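Novice: Below is the structure I would like to discuss, written out as structure tokens.
The values are calculated or read from the model by the stated rules, or taken from the named source; none is laboratory data. Predicted model, so just to flag it, every value in this text is computed and none were measured. Positions of Cβ are backbone-derived with ideal geometry, glycine not excepted, and every protein chain shown enters the neighbour counts. Calculation scope for accessible area: heavy atoms of the full protein, side chains included, ligands and nucleic acids excluded. Shrake-Rupley method; radii C 1.70, N 1.55, O 1.52, S 1.80 Å.
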Amino acid sequence: MARFGLIGEHLGHSFSPQLHAMIGDYEYRLYPMPREALGDFMRQNNLDGFNVTIPYKQDVLPYMSEITARAKAIGAVNTVLRRPDGGYLGDNTDYDGFDMLLGADGHALSGGKAIVLGSGGASKTIQAVLRDAGFSPVIVVSRSGPNHYGNLQQHQDAVLVVNATPVGMYPENGAAPVDLTQFPNCRLVLDAIYNPLKTALLLQAEDLGIPCRNGLMMLSAQAVVAAERFLGRKLPAQLPEQLTANLTRQARSIALIGMPGAGKTTVGRRLGEITGRKFVDMDEAVVQSIGMSIPEYFRLYGEAAFREVETSVLRTVSREPGIILATGGGVVTVPENRNLLRQNSAILLLERNLADLPTCGRPVSQAKGLKTLYEERKTLYNTWCDQKYDHKDLSVTTQRIKEDWL
């Protein structure tokens with residue numbers, strides 16, 4: 001069996017192995033390594049080929065026996081093939097990947113100004129695609145140089161913003177390289193990052209009504225072209241879109257919201273059982289963090305202190321892709337929690353008749369009464385959710401969610 005893989009510095013949450021498993025029948029493994037180990041790997045590995053990611057797309061250039069014209073022009077290699085003589089052929093399939101991510105709507109903006117955040121290997125490829133597509137000028141923003149983060153006001157007329165930096169990538173979720181309100185003419189935002197599924201930059205784009213996409217299509221399309229190089233044959237044209245849809249389903253978490261007692265834990269646990277996904281109950285995670293029951297914590301410290309703990313726990317839990325998460329009924333009362341959930345999750349609202357909701361062991365429900373509590377939260381539940389489910393029967397609800405989202 002042919003042997004391929006991915007080299008980079010930090011690869012713990014790479015989607016590449018499952019992506020290539022969906023493409024072809026060959027071995028594909030991760031090879032994380034520090035910079036000082038790169039030389040030994042390049043001289044001693046026995047792979048038939050491999051992909052290259054951050055931060056080695058330029059570092060591997062001296063080891064190439066041959067470089068394609070495209071990779072040479074870009075100055076970065078992300079796909080390496082073993083030649084019959086044992087040497088390496090370096091290519092750049094990221095070009096194909098970003099061209100597909102740019103899409104028809106992106107190409108329609110050609111002629112306008114494009115902003116590329118970052119100047120590394122990925123940025124060089126993105127710049128080449130944008131220039132070939134007709135964007136003018138293509139402005140590269142870095143921490144130093146003529147175009148930097150301190151003088152972005154010069155580029156308010158940009159129609160496209162592309163993030164080619166690791167800012168906002170797992171595990172540094174929540175950071176954004178720029179504030180999009182600085183670009184009032186922006187018509188499209190693209191982020192090469194795909195973990196989390198929605199970076200803070202993309203979440204802001206959504207809030208501003210700007211079309212936006214993460215880097216999963218770029219990842220899928222470049223992988224398909226790389227696999228064509230590995231296998232020596234063409235693959236179906238629709239494959240990148242199919243892979244992107246599959247990866248999105250795998251990586252997307254499900255976050256259940258709703259009134260206390262609406263069935264979030266029961267539904268979530270059952271979804272975990274039938275899908276094999278990890279199930280996380282937020283109330284249980286909070287109890288582990290505080291070391292006592294929730295009613296006891298409320299009695300000692302009050303609701304405000306509890307909400308701070310709940311948000312702290314959610315910051316960690318929500319970073320993990322592909323899980324089933326049952327939230328507490330009051331998670332919607334803290335605005336920060338919305339983006340914590342949105343970064344990886346489809347937010348699903350479970351609705352039940354108030355008369356069917358239990359109040360035992362639920363201090364807020366007991367203190368305020370269900371009707372008052374619902375009136376306070378119903379707008380939040382409705383504006384936060386991506387879809388509503390009238391939960392009456394466990395089997396019916398879980399099957400509907402599975403068919404819709406999993």
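Yes/no matrix, rows are residues, columns are (1) open to solvent by less than 30 Å² (accessible area, probe 1.4 Å); (2) closer than 15 Å to LEU197 by Cα:
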{"residue": "VAL313", "(1), (2)": "yes, no"}
{"residue": "SER318", "(1), (2)": "yes, yes"}
{"residue": "PRO321", "(1), (2)": "no, yes"}
{"residue": "GLY329", "(1), (2)": "yes, no"}
{"residue": "PRO335", "(1), (2)": "no, no"}
{"residue": "LEU341", "(1), (2)": "yes, yes"}
{"residue": "ALA346", "(1), (2)": "yes, yes"}
{"residue": "LEU350", "(1), (2)": "yes, no"}
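Novice: Sticking with this one: I'd like the full set of residues that are in a loop (DSSP other than H, G, I, E, B), closer than 20 Å to SER123 by Cα and of a type outside the set (D, E, K, R), limited to segment 50-64.
Specialist: Those that are in a loop (DSSP other than H, G, I, E, B), closer than 20 Å to SER123 by Cα and of a type outside the set (D, E, K, R): THR53, ILE54, PRO55, TYR56, GLN58, VAL60.
Novice: Can you confirm whether LEU47 is touching a Lys or Arg at 6+ places or on another chain (Cβ under 6 Å), surrounded by fewer than 24 Cβ atoms within 10 Å (Cβ to Cβ), in a loop (DSSP other than H, G, I, E, B) and modelled with pLDDT of 95 or more?
Specialist: yes
Novice: Out of the residues in segment 52-95 that are closer than 20 Å to MET218 by Cβ and of a type in the set (Lys, Arg), state the one that is surrounded by the most Cβ atoms within 10 Å (Cβ to Cβ).
Specialist: LYS57
Novice: Next question. Kindly indicate the residue of segment 175-211 that is touching a strand residue (DSSP E or B) at 6+ places or on another chain (Cβ under 9 Å) and among the charged types (D, E, K, R) and also surrounded by the most Cβ atoms within 10 Å (Cβ to Cβ) among those meeting that condition.
Specialist: ASP191
Novice: Something else: Only one residue in GLU273, GLU228 is open to solvent by less than 50 Å² (accessible area, probe 1.4 Å), free of Cβ contacts under 8 Å to residues at least 12 places away in the same chain and outside any loop (DSSP other than H, G, I, E, B), so which one is that?
Specialist: Checking each option against the conditions leaves just GLU228.
Novice: Taking only segment 229-261 into account, find how many residues are of a type in the set (D, E, K, R), touching a strand residue (DSSP E or B) at 6+ places or on another chain (Cβ under 7 Å) and over 25 Å from SER318 (Cβ atoms).
Specialist: Final tally of qualifying residues: 1.
Novice: Of (1) at pLDDT below 95; (2) more than 19 Å from SER220 (Cα to Cα), SER123 satisfies all except one. Which?
Specialist: Status for SER123: all satisfied but (2).
Novice: I'm told PHE98 meets every condition in (1) free of Cβ contacts under 8 Å to residues at least 60 places away in the same chain; (2) in contact with a helix residue (DSSP H, G or I) (Cβ under 9 Å, 6 or more places away or on another chain); (3) open to solvent by less than 40 Å² (accessible area, probe 1.4 Å) except one. Can you identify the failing condition by its number?
Specialist: (1)
Novice: I'm checking my understanding of the structure. Among residues of segment 354-379 that are in a helix (DSSP H, G or I) and open to solvent by less than 60 Å² (accessible area, probe 1.4 Å), which one is modelled with the highest pLDDT?
Specialist: Applying the filter and picking the extreme gives ARG377.
Novice: While we're looking at this one, here's another question. Out of (1) part of a loop (DSSP other than H, G, I, E, B); (2) closer than 21 Å to GLY261 by Cβ; (3) in contact with a Phe, Trp or Tyr (Cβ under 9 Å, 6 or more places away or on another chain), the odd one out for LEU325 is which?
Specialist: Here LEU325 meets the rest and fails (1).
Novice: Only one residue in SER253, SER293, SER289 is touching a helix residue (DSSP H, G or I) at 6+ places or on another chain (Cβ under 9 Å), among the hydroxyl-bearing types (Ser, Thr, Tyr) and at pLDDT below 95. Which one?
Specialist: Just one listed residue meets the conditions, SER293.
Novice: Could you check GLU172 against (1) farther than 30 Å from ASP356 by Cα; (2) open to solvent by 30 Å² or more (accessible area, probe 1.4 Å); (3) assigned to a helix (DSSP H, G or I) and say which number it fails?
Specialist: Condition not satisfied by GLU172: (3).
Novice: Let me ask you something else. Do we have LEU11 as touching a Leu at 6+ places or on another chain (Cβ under 7 Å), modelled with pLDDT under 95 and in a loop (DSSP other than H, G, I, E, B) here?
Specialist: yes
Novice: Identify the residue in segment 212-225 that is open to solvent by 10 Å² or more (accessible area, probe 1.4 Å) and of a type outside the set (A, V, I, L, M) and, among all such residues, is nearest to the chain's Cα centre (by Cα).
Specialist: Within segment 212-225, the match that is nearest to the chain's Cα centre (by Cα) is ASN214.
Novice: Continuing with this model, one more query. Sort out which residues of segment 231-263 are more than 14 Å from THR79 (Cα to Cα), outside any helix (DSSP H, G or I) and either open to solvent by 20 Å² or more (accessible area, probe 1.4 Å) or out of contact with any Leu (no Cβ under 9 Å at 6 or more places or on another chain) (or both), and write them in order of number.
Specialist: ARG233, LYS234, LEU235, PRO236, ALA237, GLN238, ARG252 - these are the residues of segment 231-263 that are more than 14 Å from THR79 (Cα to Cα), outside any helix (DSSP H, G or I) and either open to solvent by 20 Å² or more (accessible area, probe 1.4 Å) or out of contact with any Leu (no Cβ under 9 Å at 6 or more places or on another chain) (or both).
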